[in-house]
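Below is one structure; the comments refer to it alone.
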Amino acid sequence: MSVKSEALLEIKGLKVNFKSFEGTAQVINGVSLKVNKGEVISLVGESGCGKSVTVRSILGLVPTPPAQFTNGDITFEGQSLLGLSEKEWQKIRGKGISMIFQDPMTALNPVFTIGQHLIDVYMWQGKRNTLFTSMKEKRELRKKGRARAIEILEKMRIPDPEGILERYPIELSGGMRQRIIIALALIHTPKLLIADEPGTALDVSVQDQILIELKRLVEMEGISMIFITHNLGVARMISDRVYVMYAGEVVEEATTQSLFSQSYHPYTQGLLSSIPKLNGQMGDGIDGRIPDFLNPPQGCRFYDRCSERMDHCSLTPPKLQTLSDGRKVSCHLFAEEVVGIHG
Amino acid sequence: MKEFIIKRTLHIIPVLLGLSILIFALSRIMPGDSIRLKLGPEATQQQIEAMEEEMGLNDPLPVQYWNYMKGAFQGDMGMSLQSNRNVAIDIFETFPATFELIIIAMAISIAIGVPLGVISAVRKDKWEDHSTRIVALSGIALPKFWVAIMLQIVFAYWFSLLPVVGRGEIAPTTITGLRLLDSLITLNFDAFITSVKHIILPSIALSIATTAQIMRLTRSNMLNQLNKDYILAARSYGLPKGMIVYKYMLKNAFASTLTIIGLSFGALLGNAFLVEAVFGWPGMAQYGVQGVIYKDYNAIVGVTLVIGVAFAVANLIVDVLYGILDPRIKYDS
Ligand SMILES: Nc1ncnc2c1ncn2[C@@H]1O[C@H](COP(=O)(O)OP(=O)(O)O)[C@@H](O)[C@H]1O
Ligand SMILES: [Mg+2]
């Protein structure tokens with residue numbers, strides 16, 4: 001694919017803190033990433049790395065307080081998002097950018113039918129007041145919404161779409177619910193789709209089917225996507241580029257192809273080795289846990305768990321830098337100058 | 001749905017049966033000699049025995065219960081010692097007044113409690129929230145009879161806006177015994193206005209505690225909704241805030257509030273006698289209390305049975321509504 005294409009979404013130096021009684025958790029610590037038009041990127045990292053916070057920031061869904069956006073900016077189609085009012089966000093949500101939630105068991109409202117979900121999103125996305133719409137207009141919108149709901153369900157190859165509309169979430173399987181959640185996010189054909197670990201709660205085989213389906217739809221409609229996963233294998237299957245996140249920072253960024261032919265950051269290497277092997281053995285994985293966001297390490301956040309740590313790693317945090325081969329990595333192993341001093 | 005309703009309806013049969021046995025047994029065990037009370041201090045031993053025989057008090061308890069239930073199904077609940085009439089007739093005359101009072105009080109509680117609860121949740125920790133919560137707390141804490149008397153003093157004596165006692169002189173033709181309904185059915189608007197004026201203060205006095213409870217519960221149920229994934233998801237679809245609050249959150253919150261509404265029905269029945277006493281409301285609750293004072297067994301059993309049935313039916317209705325609002329209930333049972 002072309003090297004520099006047009007950016008649809010750009011996050012620059014984002015920092016997000018969470019204030020609580022125990023102190024300030026410095027969760028997102030300078031994340032930058034970019035999604036080009038028509039591109040699928042993956043955001044990979046262990047649970048608790050700040051992936052959800054990062055993408056929820058894009059939709060203005062991180063509650064402030066407790067969160068504080070202390071630095072950085074997010075731009076979508078050149079427009080800065082962080083200063084938007086709730087009403088302006090509302091216009092973008094669901095249409096410009098939409099999101100697929102992680103858990104199909106909790107992301108659908110239990111007391112509304114699937115049809116009510118889909119038709120409401122079709123009818124009222126971006127609208128302000130639902131009270132002053134005339135009955136006639138509502139009826140027409142509802143009719144169109146129903147037709148569109150059926151169309152999108154058919155596109156997703158869901159059998160008996162009309163019947164599904166009358167069902168309540170509890171009457172559907174997890175896989176079916178996950179598909180409905182995808183349909184909800186796609187009903188207005190957004191420009192950017194954020195998929196936050198869809199189907200992680202489901203059977204592996206069901207999950208695979210859904211991912212294949214999702215990839216097909218996104219390609220068919222020309223939608224860009226940020227795909228979140230803790231599984232590098234899934235990222236490999238679905239995305240053009242990969243961002244590896246650790247403890248609220250991007251530690252490595254590469255095209256999928258180059259990342260899988262060679263990974264640079266010790267954390268990425270650890271993640272790769274934790275993918276289950278073909279012979280059925282579990283990988284080695286990485287010992288230890290993510291550091292406490294309330295008291296993050298002074299130097300590299302990965303220091304405690306790193307197999308190749310050096311003394312100065314605990315003192316100065318590395319910066320994300322572009323290497324001579326165009327790859328980006330945030331690690332002192334690749335910082336010529338620093339290595340030089342100690343060398 | 002039909003299946004669910006039938007199942008729930010069948011559930012109340014054993015409840016009612018148990019209730020009737022329990023109440024009957026309790027009433028026969030209660031201390032105090034109602035015959036002596038009835039016949040006065042001059043009564044001879046023969047008179048007392050004759051009266052006991054006549055009322056079947058010498059039969060074994062199961063026989064007494066059987067006879068009582070047989071009679072009850074034929075509209076005969078035994079003689080009332082207070083009125084010397086069939087208890088069924090007394091209840092038939094007094095029940096509609098209480099029922100009307102309770103229904104209106106319940107309507108007021110829901111109409112005020114739910115919106116206040118929503119506002120309080122949406123404006124959490126703002127002045128709207130604090131003030132509604134203080135009012136609600138007072139509503140629960142203040143004694144009902146005191147509230148009733150204060151309402152009388154303010155609205156009846158000071159401002160002469162509303163009548164103090166009774167259901168009003170102008171009565172509509174009795175059809176259901178619910179005067180508001182009867183006057184509407186017969187298009188008797190004078191009677192309707194009189195009835196409305198008379199029921200306002202007692203129903204408000206009766207509703208206050210329930211309103212406060214419904215408000216508090218709605219508030220906490222709404223706040224509970226705030227951290228649900230599906231609410232975050234609804235926001236991510238770009239739905240309007242008002243719609244998320246009043247449709248997506250409220251339907252869930254109200255379904256949970258419904259349970260307390262069924263239970264409140266019992267509390268309202270229990271509190272009704274205080275309000276009826278203060279407002280001279282000719283209802284069944286007063287009749288029941290009189291029954292207790294006079295050891296009027298038949299009246300006590302009759303009234304308690306009616307209250308028990310009403311309570312069970314109210315909860316049945318609530319259960320069914322709950323099932324309609326929240327489909328998960330049907331699958332749980
Ligand atoms: N609303 C919140 N309040 C406080 N802390 C939060 C909140 N949301 C997320 N966090 C914290 O941010 C960190 C990253 O969470 P998250 O983005 O959900 O991780 P991931 O999606 O990568 O598993 C966690 O430590 C979590 O405790
Ligand atoms: Mg997450």
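The values are calculated or read from the model by the stated rules, or taken from the named source; none is laboratory data. Computed from a prediction, not measured in an experiment: that's the story for all the values here. Cβ coordinates were reconstructed from backbone atoms using ideal geometry, including for glycine residues, and neighbour counts include every protein chain displayed. Protein only, heavy atoms only, side chains kept; ligands, DNA and RNA dropped before computing areas. Shrake-Rupley method; radii C 1.70, N 1.55, O 1.52, S 1.80 Å.
Taking the stretch A:218-273 as the region of interest, the strands (runs of 3 or more DSSP E) fully inside it that hold 2 or more residues being open to solvent by 10 Å² or more (accessible area, probe 1.4 Å) and within 21 Å of residue A:38 (Cα to Cα) are A:249-255.
The residue of the stretch B:111-137 that is modelled with the lowest pLDDT, among those that are within 30 Å of residue B:308 (Cβ to Cβ) and buried (at least 20 other Cβ atoms within 10 Å of the Cβ), is B:136. Is at least one residue of the stretch B:317-330 open to solvent by 10 Å² or more (accessible area, probe 1.4 Å), over 28 Å from residue A:172 (Cα atoms) and away from every other protein chain (no Cβ under 12 Å)? So far as the stretch B:317-330 goes, no, none of its residues is open to solvent by 10 Å² or more (accessible area, probe 1.4 Å), over 28 Å from residue A:172 (Cα atoms) and away from every other protein chain (no Cβ under 12 Å). Yes or no: the stretch A:45-58 includes at least one residue that is more than 13 Å from ligand 2 (Cβ to nearest atom), among the aliphatic types (A, V, I, L, M) and assigned to a strand (DSSP E or B). Looking for residues that are more than 13 Å from ligand 2 (Cβ to nearest atom), among the aliphatic types (A, V, I, L, M) and assigned to a strand (DSSP E or B), one finds none in the stretch A:45-58, hence no. The criterion of being in a helix (DSSP H, G or I) and away from chain A (no Cβ under 14 Å) does not hold for residue B:280. When the stretch A:105-133 is filtered for residues that are open to solvent by 50 Å² or more (accessible area, probe 1.4 Å), more than 16 Å from ligand 1 (Cβ to nearest atom) and in contact with an Asp or Glu (Cβ under 9 Å, 6 or more places away or on another chain), only A:105 remains.
Take the residues in the stretch A:64-104 that are within 16 Å of ligand 2 (Cβ to nearest atom) and out of contact with any Asp or Glu (no Cβ under 8 Å at 6 or more places or on another chain); name whichever of them is nearest to the other protein chains (Cβ to nearest Cβ). The extreme case among them is A:104. Exactly one residue out of B:290, B:286 is more than 22 Å from residue B:210 (Cα to Cα) and either modelled with pLDDT under 90 or outside any helix (DSSP H, G or I) (or both): that is B:290.
The rows are residues; the columns are (1) part of a loop (DSSP other than H, G, I, E, B); (2) modelled with pLDDT of 85 or more; (3) away from every other protein chain (no Cβ under 12 Å).
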{"residue": "A:112", "(1), (2), (3)": "yes, yes, no"}
{"residue": "A:116", "(1), (2), (3)": "no, yes, no"}
{"residue": "A:122", "(1), (2), (3)": "no, yes, no"}
{"residue": "A:132", "(1), (2), (3)": "yes, no, no"}
{"residue": "A:140", "(1), (2), (3)": "no, yes, yes"}
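For the stretch A:26-44, the candidate set comprises residues that are more than 15 Å from residue A:246 (Cα to Cα) and in a strand (DSSP E or B); within that set, the residue that is farthest from ligand 1 (Cβ to nearest atom) is A:36.
The residue list A:128, A:157 contains one member that is within 12 Å of chain B (Cβ to nearest Cβ) and part of a loop (DSSP other than H, G, I, E, B), which is A:128. Put simply, of A:183, A:107 the only residue that is under 20 Å from residue A:211 (Cβ atoms), outside any helix (DSSP H, G or I) and within 13 Å of chain B (Cβ to nearest Cβ) is A:107.
Here is a check on your reading of the model: is residue A:35 touching a strand residue (DSSP E or B) at 6+ places or on another chain (Cβ under 8 Å) and within 16 Å of ligand 2 (Cβ to nearest atom)? No; evaluated as a whole, the condition is false for this residue. Has the stretch B:239-259 got at least one residue that is more than 14 Å from chain A (Cβ to nearest Cβ) and assigned to a helix (DSSP H, G or I)? Yes, the stretch B:239-259 has at least one match.
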